Amino acid sequence: MAIGVAVGEAASARGACLNWKWRATRTNKLQTHIPFSAIRSSQSTDDENRFYKELGLFSLRKKIEDAVVQAEMLGPTALELEESRRIEHEELIRECNLWDDPAKSNEILMKLADSAKVVDALKDLAYKAEEAKLITQLAEMDAINHGLFKQAYNASCAVSNFLNQYEISKLLEGPYDMEGACVIIKAASRGIYPELWAAQLLSMYMRWGEKQGYRGRVVEKRPSKNGGIRSATIEFEAGYAYGYLTGEKGVHQMIKISHDGSVVHEASLASVDVIPLFLEAAGDVQIDDDDLMISVSGGDMRGPPEPAVSIQHIPTCISFQSSDERSKFANKSKALNRLKAKLLVIAREQGVSDIRKIKRDAIVDIWHQEARRYVFHPYKLVQDVKTGLQLPDLNSVLDGNIEPLVGAHINFRHAGKTL
């Protein structure tokens, strides 16, 4: 945004300069007709343009400097830590026989690959920070080159974003935090407003995935006639996506209230559920066939032509379906994996090691968990119920900029573990 301000101000300054030259060619003819107040107004505008231009450049320079300082302070320590982890994993591989315990070997190899990626990224980070610093110096030597400043700013943003994600990822310690994520959005009831609101949430999460560089796929969507959706399922096939998004679970409420805050004029609800999307194996979960009720439907004119498979876990009454695959077998497999993932999460929430020990009465209904309020009128505000965080830029959040909310949830969970 600062870049846009700086560029816009530069264009205004150039326009003012051209306008002044045009006036200068006609000074003799118009001098007696230009009032003193107009001259003062012109000078005031030029001073204002110069002020905002300098302010924009100062803001850019400050953000670049902050990112470089952050990289210089945190980068070397993080690189040393990740290098030691990579060496540790390499030693474990050399010491163990990969064929004796394939599952453990695969886990170590995955950790080694992750460490190697982080090490490479941190090394690249140091180059980007140095690049941003050098480009800034060149821009100042070239009498403030806006193009160079923009290049330095983009490099510094990449540095800052990576370090922020790196710090947050170190707080993700749950057993499934490193997995991908399956996000399921459902409108509260049939009607134009809840369904349109559910569609807006779908767009918000897809935009978030794009900004994070995550591959998000809408694998299932039940559109409504009014342009909204009744439900949708997104799969983020990226490491740590579940750890980032698990705090999004619950009811997301769009509300419009009266000016004095006493009456809610309109409220639209949609639920968001998040379960792990296992990138490798779906965990060693055994479910008795007698505990499953499977139904198959061939779809209709409004729905997908693929054979949709729904699987219900009878002891808990939890059910999942899949309809995006081309065969009945593939849909059954995906629905079962989602069901297993949900049962694993519930078992962990209840503190039991076996899904057969899950207490049905203790399962919390997703519709009874309020997650977030989005106030549209008379002011714009996003209120996170779980963490208490409030953000005034509603439009930015709906455009996928939910990182402050995600980070607040991760810190909130981490603080709860350390108490």
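The values are calculated or read from the model by the stated rules, or taken from the named source; none is laboratory data. Here the structure is a predicted model, which is why all the values come from computation and not from measurement. A quick note on method: Cβ atoms are made from the backbone with ideal geometry, for glycine too, and the neighbour counts reach across all protein chains shown. These accessible areas exclude ligands, DNA and RNA; they are computed on the full protein's heavy atoms, side chains included. Shrake-Rupley method; radii C 1.70, N 1.55, O 1.52, S 1.80 Å.
Some points to look at:
- Three-way shape call for region 74-215 based on the alpha-carbon gyration tensor, with the a/c threshold at 1.5: oblate
- Counting only residues at least eight positions apart within a chain, or on another chain, the lysines with an alpha carbon under 27 Å from that of residue 357 are 104, 249, 332, 334, 340, 342, 417.
- Per principal axis, descending, Cα span of region 156-235 in whole Å: 44, 32, 18
- 3J(HN,Hα) from dihedral phi, region 84-90, Karplus parametrisation 6.51/-1.76/1.60, rounded to Hz, x for glycine, proline: 5, 5, 5, 4, 4, 5, 5
- Average accessible surface for region 354-403: 59 Å² per residue, computed with a 1.4 Å probe over protein heavy atoms with every protein chain in place.
- 3J(HN,Hα) along region 221-233: 8, 10, x, 10, 5, 8, x, x, 9, 7, 6, 7, 10 Hz, from the Karplus curve 6.51 cos²θ - 1.76 cosθ + 1.60 with θ = phi - 60°, whole Hz, x for Gly and Pro.
- Taking label points 7 Å from Cα along the Cα-to-Cβ direction, residue 286 and residue 80 give a separation of 4.8 nm.
- In the context of the full set of protein chains, residues of region 109-224 present 51 Å² of accessible surface per residue (probe radius 1.4 Å, heavy atoms only).
- In straight-distance terms, cross-link reach from residue 128 covers every one of the lysines whose alpha-carbon lies under 21 Å from its own, apart from those fewer than eight places away in the same chain; here that gives 62, 63, 117, 150, 211.
- With every protein chain in place, region 303-419: carbon and sulfur % of accessible area (1.4 Å): 52 percent
- Residue order for 94, 86, 222, 373 - accessible surface, 1.4 angstrom probe, largest first: 94, 222, 373, 86
- Calculated FRET efficiency for the pair residue 366/residue 138, C-beta based, R₀ 41 Å, to 0.05: 0.15
- Amide hydrogen neighbours beyond the local backbone of residue 314, cut-off 5 Å, H modeled: 292, 293
- When both region 344-392 and region 159-213 are represented by their alpha-carbon centers, they are found 14 Å apart.
- Candidate cross-link partners of residue 225 among the lysines, defined by an alpha-carbon separation under 22 Å and a same-chain spacing of 8 or more, comprise 186.
- For residue 349 and residue 256, the difference between the fully extended length at 0.36 nm per residue and the C-alpha to C-alpha distance is 30.1 nm.
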